[in-house]
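Note sheet for the following structure.
The values are calculated or read from the model by the stated rules, or taken from the named source; none is laboratory data. Note that the structure is a prediction, hence the values are computed from the model and not measured. Quick reminder, even Gly has a Cβ in these numbers, built from the backbone with ideal geometry, and neighbours come from all protein chains shown. All accessible areas refer to the heavy atoms of the entire protein, side chains included, with ligands and DNA or RNA removed. Shrake-Rupley method; radii C 1.70, N 1.55, O 1.52, S 1.80 Å.
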Amino acid sequence: MEDPVKRLHKFRNRIAHHEGIWHLPVEARRDDIQTVLGFIAPAAAAWVADASRIDDVLARRP
């Protein structure tokens, strides 16, 4: 199993190359972002979790 950093690196590369991401498990990548941020700065991870609107955006996707 890949670690969250490797998954995020692949995800970032897809976005940087303007590839589609909506068919990917975007919710899982959101969780990876929170996990990695929690390793780096737990207080920032808590702030992002509270301020994030990603769940609202994902709920409205086609």
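Data overview
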quantity: Scan of segment 45-54 for residues that are in a loop (DSSP other than H, G, I, E, B) and surrounded by fewer than 10 Cβ atoms within 10 Å (Cβ to Cβ), ordered by number; calculated: Arg53
quantity: Condition check for Val57: modelled with pLDDT under 95 and assigned to a helix (DSSP H, G or I); calculated: yes
quantity: Residue list for segment 8-27, restricted to those being part of a helix (DSSP H, G or I) and within 18 Å of Arg53 (Cβ to Cβ); calculated: Ile15, Val26, Glu27
quantity: Cβ pairs under 9 Å, 6+ apart, first in segment 10-22 and without any contact (Cβ under 8 Å) to a residue 40 or more places away in the chain, second small (Gly, Ala, Ser); calculated: Arg14/Gly20
quantity: Search result, residues across segment 1-26 that are aliphatic (A, V, I, L, M), open to solvent by 60 Å² or more (accessible area, probe 1.4 Å) and modelled with pLDDT under 95; calculated: Met1
quantity: Count - residues of segment 32-44 that are open to solvent by less than 50 Å² (accessible area, probe 1.4 Å) and either at pLDDT below 95 or closer than 15 Å to Pro4 by Cα (or both); calculated: 4
quantity: Condition check for Arg29: open to solvent by 50 Å² or more (accessible area, probe 1.4 Å), out of contact with any Asp or Glu (no Cβ under 7 Å at 6 or more places or on another chain) and modelled with pLDDT of 95 or more; calculated: no
